Amino acid sequence: MRLQRLSVSVLLLAMSAFQVAGAQPQIQSPPKPGGVIISLDDAIQMALRHNHNLLAARTVIQQNQAEETTANLRPNPVLLGDSQFLPIFQPKNFSADYLDNTAQFDLGVSYLFERGQKRQHRLQAAKDVTAVSRSQVTDSERTLTFNVASQFINVQLAESTLELATQDLKSFQSTVDIAEARYKAGDTGEDDLLKIKLQMLQFQTDLSAAQLAKVQGLSDLRQLLGYESLGPDYDVAGSLDYQPVKGNLEDFQAAALQDRPDLQAARLALSAANSQLALQKAISKRDVTGQVSYTHLGYMNDVSLFGQIQLPIFDRNQGEIARAGFAITQAQQQQLFASGQVMTDVRDAFEGLRANNQIVSLYRSGYLDVAQQSRDITEYAYRRGAASLLDFLDAERSYRTTQLAYRQALASYLLALEQLRAAVGTRSLQ
């Protein structure tokens, strides 16, 4: 009769539990005591301001801007001077009269006149290189943003797993206490008690692993944010939260073709290659050197004009012009590849997001509730002697596995979302 009443009670508890299966459990993190708490947006902004690799990459822009200054410089004039017919080996003839009437003195200025607008072409080529470097740095920012967001989600996953492990350990500890009380009362055997205590080891191991994962995750995230910009006692805000995304593949691909900085860099590299070709053609134009000299010889004071230009009989810069032409073809092919890579990245990210969304939806459709109810029912029955120890341990293991798998699936979905944002080139997908 006692077992029948317990079975009826268990059945009534199961029916009432399944009636409230509609609500989804929230994966919330406990408040963090002390220290600095940063959100995902805070983390991204900190990384963009303090990440050392990014700061080093930004100096490339400054270096190229300095190259623009160099490219825009005009040639310096050259000051020339000479003295002839000095009586070095006849020092007795060295006199003011000799210097005034016999020795010759020349003083002149020469200047290189660049033809073919070389300076303008140099400046344009340097500006195009700077523009390419700007887009490349922007692409580095895109990559860094993705890495920060991914690591932030990993920390949230570690924190959620730690919370689950803590709750499971606390809950199972009460089960161990009950088992010990039943053993002392003679209601269960020593073998069952030992099995429960051995199961406790798994909960403690899960807790230690979760704690280590969180500490390492925060350490890796700190390195991305700039190690010196943040103290070691910081923590992340928020928790794993499902974020639905609306949009179709074609819209995302169109946005990526417009926004992806690496594709912009490839397009600008083609412009830079054309600028290099124009510069090499300008270099083939031979420059003219002009010179004005003043000559003093005896009673004569003369001004002489000189000019020289190289005859382009053999060297007409043919090799560099041909190389620049091939470089244009190379840039065109790289641009086509970059465009295809953008389309591929968006498609892969979109399909990955959709697949992960389906998995998360399965858990949210009721499997989480089923795992929770199964464990609660089996625990209720075990504590009252209506279920075996193996049934209870199996239900507990299934519950832990399901909860952990859901958290991992949700984290994979959020990582896929960040992958799509990186593939499109913007954090706003609406």
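Observations, loosely collected:
- Averaging 1/r over each pair of different alpha-carbon atoms in region 85-144 and inverting the result gives 17.5 Å, the Kirkwood hydrodynamic radius.
- Once the Cα gyration tensor of region 270-379 is diagonalised, semi-axes √(5λ) in Å: 79, 19, 8
- Close amide H contacts of residue 294 (hydrogens built in the peptide plane, cut-off under 5 Å, sequence separation of 5 or more or a different chain): 107, 108, 304.
- For residue 184, the lysines whose Cα falls under 24 Å of its own Cα, not counting residues fewer than eight places away in the same chain, are 170, 195, 197.
- Cross-link partners of residue 118 among lysines (Cα-Cα below 30 Å; sequence separation of 8 or more within a chain): 127, 281, 285
- Within the set [x] 21.7; [y] 23.3; [z] 37.5, the number that mean projected area of the Cα convex hull in nm² takes when calculated for this structure is listed as [z].
- Evaluating kT/(6 pi eta Rh) at 25 °C and 0.890 mPa s, with the Kirkwood radius of region 233-279 over Cα pairs in the Stokes-Einstein relation, gives 167 µm² s⁻¹.
- Solvent-accessible area of residue 337 with every protein chain in place, 1.4 Å probe, in Å² to the nearest 10: 140
- Surface composition of the chain: carbon and sulfur atoms hold 56% of the protein heavy-atom accessible area at a 1.4 Å probe.
- The Kirkwood hydrodynamic radius of region 280-329, based on inverse pair distances between different Cα atoms, is 14.0 Å.
- Under 19 Å from residue 92, Cα to Cα: aspartates and glutamates that are on another chain or at least 8 residues apart: 100
- Since only 64, 129, 199 are under comparison, the one whose Cα sits farthest along the positive direction of the charge dipole of the chain, derived from C-beta charges on Lys, Arg, Asp and Glu, is 129.
- Distance histogram for region 70-119 (every C-alpha pair counted, 10 angstrom bins, percent rounded to whole numbers): 20, 30, 18, 15, 14, 2
- Per residue, the chain exposes 56 Å² of solvent-accessible protein surface, assessed with a 1.4 angstrom probe and all protein chains in place.
- Normalised by the number of residues in the chain, the mean separation of alpha-carbon contacts (under 8 Å, six or more apart) gives a relative contact order of 27 percent.
- The P(r) of region 50-162 has a tail past 18 Å containing 73 percent of all C-alpha pairs.
- Under Stokes-Einstein, with the Kirkwood radius over Cα pairs as Rh, the value for region 226-308 at 20 °C and 1.002 mPa s is 100 µm²/s.
- Residue 408/residue 72 FRET efficiency (R0 60 Å; Cβ-Cβ; nearest 0.05): 0.60
- Approximate shape of region 189-348 as ellipsoid semi-axes (Cα gyration tensor, √5λ), whole Å, largest first: 72, 27, 16
- Rounded to 5, the percent of DSSP beta bridges in the chain classed as antiparallel: 95
The values are calculated or read from the model by the stated rules, or taken from the named source; none is laboratory data. Just so you know, these numbers come straight off a predicted model, no measurement behind them. Cβ coordinates were reconstructed from backbone atoms using ideal geometry, including for glycine residues, and neighbour counts include every protein chain displayed. Calculation scope for accessible area: heavy atoms of the full protein, side chains included, ligands and nucleic acids excluded. Shrake-Rupley method; radii C 1.70, N 1.55, O 1.52, S 1.80 Å.
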